[in-house]
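Here is the structure we will look at.
The values are calculated or read from the model by the stated rules, or taken from the named source; none is laboratory data. The shown structure was predicted, so the numbers you read here are calculated from the model rather than taken from an experiment. Heads up, the Cβs are rebuilt from the backbone with ideal geometry, glycines too, and the neighbour counts pull from every protein chain shown.
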Amino acid sequence: MSDWYDARKRTGIADLRPPMITKLSSAVSLVMCSPEMVKVLKGQAGTCMSFKRGHVSNIILCANNLEELKVGLAALDISVPARSDRRESPHVERYCIAHLLATLPAAKLFFPLTLNHRDKPDFLLEMSNRSIGIEHTEAVPVNAARSQVLRERGLGPDVYFIPHATPREPKKSAEELRREIEADAPGGAWGGDSPEYEWAAAMAHCGGEKLLKAMDDGFVRYPTNWLLIYDNWPLPGVNFAKAALYLAPLLASMDAYSVFDAVFIHDDSAMCEFREEPIIHALVKPGH
């Protein structure tokens, strides 16, 4: 452990805590840890693995400044396979956390920082001034997700009408989904601000499910806790500035901020931040 303290002196990072190290695991990334830290970590009998209250977590990113963060985010594997090609939750979680860190204003980031990929919550972001637990979820109707698998396997037309979806809709059989995909019926039209209203209702539903899970005994709470939602809800173009005005009072009525200090929702164009007042950020791609 003396090597760790020597490295702490050489790097000038006085508040680094000694790692809890076990045997080396090839599954752990040492992406963008400073050369000094990587050398020390590899020199121990272990690697960038930490244990907190029984939860195993992998350090997937370390950065001492904003430029290192950009390079580290660009180096992360954030590829997301198709739903029909063995997509798993960690794929989507890494994609979303990388976009969150790339999009956050520099003023909200404090260095050095370390990002752990873990469980309950899905991430632990440790910065020089605080520790933030980040729980992730994907907002997608179960029937829409299953239909996408069938479409990816060649069923139905390449261009199709957006299906209507509602929270808590019953799960359809595979045969029902096949018939709907092949029929490609237009269904009812969206009028006025109904896309924004439906979006707010869907995001509130998904957020509400995570509120309950975050209060379970096995969920680790940190001084600051965020919820990150990946928006894959099937809707025509949503005006996020308008939709945020519908969602903000729903989150407040759910007492969401007693569990999560902030809620972030993003699709492939925008990152919506909900605290006291909603903020709409243009989505920044990792590495840019």
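Here are a few things to note about the model shown:
Conditions (1) closer than 17 Å to Leu235 by Cβ; (2) modelled with pLDDT under 95; (3) assigned to a loop (DSSP other than H, G, I, E, B); (4) over 25 Å from the mean Cα position of the chain (by Cα), marked per residue:
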| residue | (1), (2), (3), (4) |
| --- | --- |
| Leu177 | no, no, no, yes |
| Ile181 | no, no, no, yes |
| Trp199 | yes, no, no, no |
| Asp216 | no, yes, yes, no |
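- Residue in the stretch 88-95 that is closer than 30 Å to Ala183 by Cβ, in contact with a strand residue (DSSP E or B) (Cβ under 8 Å, 6 or more places away or on another chain) and not small (Gly, Ala, Ser) present: yes
- Candidate set from the stretch 95-108 (those that are in contact (Cβ under 8 Å) with a residue 24 or more places away in the chain and either small (Gly, Ala, Ser) or touching a helix residue (DSSP H, G or I) at 6+ places or on another chain (Cβ under 7 Å) (or both)); member that is surrounded by the most Cβ atoms within 10 Å (Cβ to Cβ): Leu101
- Filter pass, Asp231 being surrounded by 15 or more Cβ atoms within 10 Å (Cβ to Cβ) and touching a His at 6+ places or on another chain (Cβ under 7 Å): yes
- Hey, Arg130 surrounded by fewer than 19 Cβ atoms within 10 Å (Cβ to Cβ), in contact with a strand residue (DSSP E or B) (Cβ under 7 Å, 6 or more places away or on another chain) and within 25 Å of Leu228 (Cβ to Cβ) or not: yes
- Scan of the stretch 238-247 for residues that are surrounded by fewer than 19 Cβ atoms within 10 Å (Cβ to Cβ) and out of contact with any helix residue (DSSP H, G or I) (no Cβ under 7 Å at 6 or more places or on another chain), ordered by number: Ala241, Leu245
- Sole residue being among the acidic types (Asp, Glu), within 21 Å of Arg146 (Cβ to Cβ) and touching a strand residue (DSSP E or B) at 6+ places or on another chain (Cβ under 9 Å), chosen from Glu198, Glu209: Glu209
- Look at (1) touching a residue at least 40 places away in the same chain (Cβ under 8 Å); (2) in a helix (DSSP H, G or I) and you find that Ile229 fails only one, number (2).
- Enumeration of residues in the stretch 143-174 that are of a type in the set (S, T, N, Q) and in a loop (DSSP other than H, G, I, E, B): Thr166, Ser173
- The residues listed here are Val31, Val92, Val40; of these, the one that is surrounded by 18 or more Cβ atoms within 10 Å (Cβ to Cβ), at pLDDT 95 or above and either outside the structural domain of Leu150 (by TED's automatic domain parsing) or in contact with a His (Cβ under 9 Å, 6 or more places away or on another chain) (or both) is Val92.
- When the stretch 149-175 is filtered for residues that are crowded, with 17+ Cβ neighbours inside 10 Å and either under 21 Å from the mean Cα position of the chain (by Cα) or more than 30 Å from Ile97 (Cα to Cα) (or both), only Gly156 remains.
- In the stretch 238-288, the residue that is farthest from Ala200 (Cα to Cα) out of those that are touching a residue at least 60 places away in the same chain (Cβ under 8 Å) and among the aromatic types (Phe, Trp, Tyr) is Phe260.
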